[in-house]
Structures are given as structure tokens and as C-alpha cells.
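Each reported figure results from applying straightforward, stated rules to the coordinates on display, with no laboratory input. What you see is a predicted model, and the numbers here were worked out from it, not measured in a lab. Glycine gets a Cβ as well: all are built from the backbone with ideal geometry, and neighbour counts include every protein chain shown.
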Amino acid sequence: MERITSWREFDDAVAAAASAGSDERVHSSLVFRGLARSRYSNLPSLARLGENSARLERHLIRNFRKYAHRERPGPTLWDWLSLAQHHGLPTRLLDWTFSPFVAAHFATASHPEEDGVVWAVDCAAAHERLPVPLQSALHQEGATVFTTELLAAHAPTLDALDHFNETEPFVLFFEPPSLDDRIVNQSAVLSTMSDPCSGMDEWLDANEDLHHAWRLTPEAKADIRERLDQANITERVLMPGLDGLAAWLRRYYGPSLRTSSDGQEEGAAMAG
């Protein structure tokens, strides 16, 4: 994990990582995730429920859809999972973003006295390690990440996704539907694993060539935070509404960044 001590080092590190991809791509295929504490894990909220998480997953989703039916996020399971993740239901999904600066926001918005982390994964390279039917679907679409519709066409249920599982669990990335301005403003991306009991950290360890990790020192967090505030990358913009406004004012005028919501501590995208 590369140690970062300033905004300049972070900006240079992200630029170097983005330029390391294929020259054929117009845009970088990196997705980012920011954690305010380096000791935080990339463990999906579903896995935190313990040994029964795989069995509980279907009950959680079934009841969420039953009681939230008026929301109607979209026709597919993945639309419903996106909505559930967005509102805090334990799922196998993790929040990411196409923007390194959005990830940096969530890594610096709280706990200024502790190291934070920004993770980056080359999602295009990760998708080259998917089972062949899923790889082919992306190639035929000419896409870097799945949409909920494309994913549902090949994995309409969780069982169907799990049945693709071969020797090791795989990770894929998809864009959630634009449920609200928060998702749009945060350039949100979601990841899902083929095994609900697996953690992203294990996958990262097994695929070290596909990711970068930058440990932000407290000095770096302060420097980056100042730059982000100047660029208007704040809670007020990333979480439109009164909650985001209040969170921004609390942090901006407060004597310390230590008090923050769980969403800000854990978040990468769609948090808060």
C-alpha cells in the first residue's frame, strides 16, 4: 500500500495508475472506493451478519421488495438490490465511484487523526477474469461495466449468478439506476461477488495486479480535504438535500471532523 502525504502525491499517484491502462481506452477503467480509517475492511454489509448471511440474503431481499413495492426502481433484481443498498439494507454489494475525488471525499470527511485509504480497481481487467458468458456479454455490448439490464439478461437471479462460480469467487461491477441525484453526483458504481459469504479483501489479495491502494496520512487528509472543499466536492453536493447540507455545515464549522454519520465513515459512493 503506497503511503501518501499530500494532495500532490495523491493526484500524481492516481494519474500514474490511470495511465497504466490500455492506450485503446479513451477513459480510465479504474473505479475507486474511499475509507476514512485504514483499518476498515471492504466487507459487504451482508457478510457482517455472520455465518447465516447466505441464507438470510433472500429473506432480506424478498421482504424489502414486498414492503417497498411502491418505489419501483426498475424491473430487474439488480435494480432492487441497488435501491436496497442505497437505503442501507445488508446486501452483497459494495459502493464504488468512477471519480477518485469522490472516493477521496469519503476518505477525508472524518477521523482526521487517523490514516485513510483510497482503493482503485481496474474493472475492465477484472472483467477479463469473469466466466466466459459474462465476458462475452460485455464485449458484445462494447461496455466497460454492466448495466442492470445487461446483468439481468445473463444473471436474472442470485442463484444464476452464483452458478457461474467456478473455482474461485469473481467480482463484477455495474452501474446502478439513477435513483436520485446522489447516485448521479457521486458517479456511483456497485460491485457484486458471486459468493455472498466472500469478502472483497480476499479477492483483492488474490488479484494484486488489478488494484492500487493509497494510504492517506493525517497530513495528506488535511491537504486533500482543503483542495476538495475548494473544488466544491462536499457533502452538500454529493448528498443533495438537507442531510447533506447539515453534514457539510457540521464538518465545515465544527472544531473536529470526528463526528460523522456511519455512511460517511464507511462510504465510497452512494454513502450518507
Q: Enumerate by residue number the GluC sites (Glu not before Pro) in region 121-175 meeting two conditions: DSSP loop (anything except H, G, I, E, B), and at most 13 other Cβ atoms within 10 Å of the site's Cβ.
A: Glu128, Glu166
Q: Among Thr192, Phe101, His86, pick out the residue whose Cα is farthest towards the positive end of the charge dipole of the chain, where Lys and Arg carry +1 and Asp and Glu carry -1 on C-beta, about the Cα centre.
A: His86
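Less than 11 Å Cβ to Cβ from Glu149, Lys/Arg counted +1 and Asp/Glu -1: what total charge do the surrounding residues give?
Net local charge, Glu149 excluded: -3.
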(Q) At a threshold of 8 angstrom on Cα-Cα distance, excluding pairs fewer than six apart, so keeping six or more, what relative contact order does the chain reach in percent? (A) 32 percent
Q) Where does helix 218-230 land angle-wise versus the long Cα axis of the chain, in degrees 0 to 90, nearest 10? A) 90 degrees
Q: Whole Å is fine, so just give me how far the alpha carbon centre of region 83-129 lies from that of region 136-203.
A: 15 Å
